[in-house]
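Below is one structure, written out as structure tokens; the observations come after it.
The values are calculated or read from the model by the stated rules, or taken from the named source; none is laboratory data. Remember, it's a predicted structure, so these values are computed and weren't measured experimentally. Cβ coordinates were reconstructed from backbone atoms using ideal geometry, including for glycine residues, and neighbour counts include every protein chain displayed.
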Amino acid sequence: MSADTHGFRKPIIELRDIEKIYRVGTELVRALRGVTLTIRENEYVAIMGPSGSGKSTLMNILGCLDIPTSGTYFLNGKDVAKLSQSKLARVRGRQIGFVFQTFELLPRTTALKNVQMPLMYTQSPNRKARAVAALTRVGLLDRAHHRPNQLSGGQKQRVAIARALAQEPDIILADEPTGNLDSATGEEIMNIFDSLHNEGQTIIVVTHEEVIAARCHRVIRLKDGLLATDTRNKELPISDFQLPTGSVTETATPVFA
């Protein structure tokens, strides 16, 4: 894993004073109000908050699906605000792998072709081989030629995860990935995320479920468009993460990027 000049895992996401304002009729709604945070390589982060907290807005900005009204967003050291629409599309296609609550699979297309689809848009080489490898990683190669209506909910989500993995992204961004699944199947999906994180993948999970957040190493909570708390669930090597002077690495201690 690469490191910055201080010997720590390098920042992959850097948000500084991010604001997002929407106009609703004659009113202005401040969905995000000065959010600042850093996420480093191989972090496993949950983003939580009640309805209206700004977590969906933050997810859209992190995924380059929307841009902030003000503030700066650096992704792998590049200022997202300065990227053209075509370059933003390339970022979404190559650097960010999306996993959605509703799977978002093409209904008349096999699992294998669903996994290959993003690779076609980015003109990636060896598309079939990469799709096969991704389905193998999630344990679903034997369902490669099944269509979504022939798959269970958990199998559909595995296909969605494979689709994200096939791009070999820097970040997996999962929006309520267990929201449409029963608890046992949700556990299976989270086991996949756990394994991917152990392999070095950076993962961000947007969730309202405390049991899901407890699986992550870091939990960011939003409230009224503000970053309310930023805590660490599990101990990680001090050498990997820069902590403020005088802080202690322990369960549920605040994290300051």
Legend entry - Filter result (small (Gly, Ala, Ser), in a strand (DSSP E or B) and over 13 Å from Lys55 (Cα atoms)) within segment 16-37: Gly34
Inset, instruction - Could you please find all residues in segment 1-29 being at pLDDT 95 or above and farther than 18 Å from Arg218 by Cα? - result: Arg16, Asp17, Ile18, Glu19, Lys20, Ile21
Inset, instruction - Would you check if there is a residue in segment 237-256 being surrounded by 14 or more Cβ atoms within 10 Å (Cβ to Cβ), at pLDDT below 95 and part of a helix (DSSP H, G or I)? - result: yes
Inset, instruction - Just give me the residues in segment 72-118 being in contact (Cβ under 8 Å) with a residue 60 or more places away in the chain, among the β-branched types (Val, Ile, Thr) and either over 21 Å from Ala166 (Cβ atoms) or in a helix (DSSP H, G or I) (or both), in sequence order. - result: none
Inset, instruction - Give me a count of the residues in segment 169-206 that are closer than 19 Å to Gly54 by Cα and either over 8 Å from the mean Cα position of the chain (by Cα) or surrounded by fewer than 20 Cβ atoms within 10 Å (Cβ to Cβ) (or both). - result: 3
Inset, instruction - Would you mind stating whether Arg94 is within 30 Å of Ala144 (Cα to Cα) and of a type in the set (D, E, K, R)? - result: yes
Inset, instruction - Would you mind finding the one in Pro177, Pro169 that is in a loop (DSSP other than H, G, I, E, B), of a type outside the set (Lys, Arg), touching a strand residue (DSSP E or B) at 6+ places or on another chain (Cβ under 7 Å) and over 27 Å from Pro125 (Cβ atoms)? - result: Pro177
Legend entry - Residue among Thr109, Thr72, Thr26 that is hydroxyl-bearing (Ser, Thr, Tyr) and within 24 Å of Ala134 (Cβ to Cβ): Thr109
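This table checks each residue for (1) hydroxyl-bearing (Ser, Thr, Tyr); (2) surrounded by fewer than 20 Cβ atoms within 10 Å (Cβ to Cβ); (3) touching an Asp or Glu at 6+ places or on another chain (Cβ under 6 Å).
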residue	(1), (2), (3)
Leu28	no, yes, no
Ser70	yes, yes, yes
Val80	no, no, no
Phe98	no, no, no
Inset, instruction - Tell me, yes or no, whether segment 106-114 has at least one residue that is exposed (fewer than 13 other Cβ atoms within 10 Å of the Cβ) and charged (D, E, K, R). - result: yes
